[in-house]
Amino acid sequence: MRPTRSLAPLALAALGGLAIGACGLADVFRPAGLKNVVVTYCGDTLLAVGTREAVVVTVEANGATIPNPRLSVTSSDSTFLALTPIGDTLVAKKSGDVLLTIRLVSSMVTGTAPTTQDSIHVRGGGSAPPACP
């Protein structure tokens, strides 16, 4: 009877290990970071001087849309296309072409953050609005 008693804890530990593995413990030890992240600018790329347009962006991770992602938006030249102080609205100020860069800001991203860039053309017409709302 002694050999049966010594195998019981070992068998119980093995079954417990299988149960933990089936519950996704392996996911805990995978490298951190988002996988297959796609940042897409969906807003207008042709703006008239004097207009304001909301920055429209979608972010998907592994094919699922991320609701309310934190983004950093910059214009290559704020004399042509500026952003409001909170960075959610484009302000067309002067005719010309600029590059809009959108970067995902996330603590889940290790290394280089996912970004997208899009060319925006500002055409003449109207007068430039003030930079602040």
Scoring only Lys, Arg, Asp and Glu (+1, +1, -1, -1) among other residues with Cβ under 10 Å from the Cβ of THR89 yields -1
Non-local residues with an amide H under 5 Å from the amide H of THR89, with H modelled 1.01 Å from N and Pro and chain starts lacking one, are VAL55, THR84
Taking every Cα atom in the range 34-125, find the radius of gyration and the maximum pairwise distance Dmax, and write them in Å. 13.7, 43
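Values quoted throughout were computed directly from the atomic coordinates according to the rules given, and no laboratory measurement underlies them. These numbers come from a predicted model, not from an experiment. For neighbour counting, all protein chains shown are included, and Cβ atoms are generated from backbone atoms with ideal geometry for every residue, glycine included.
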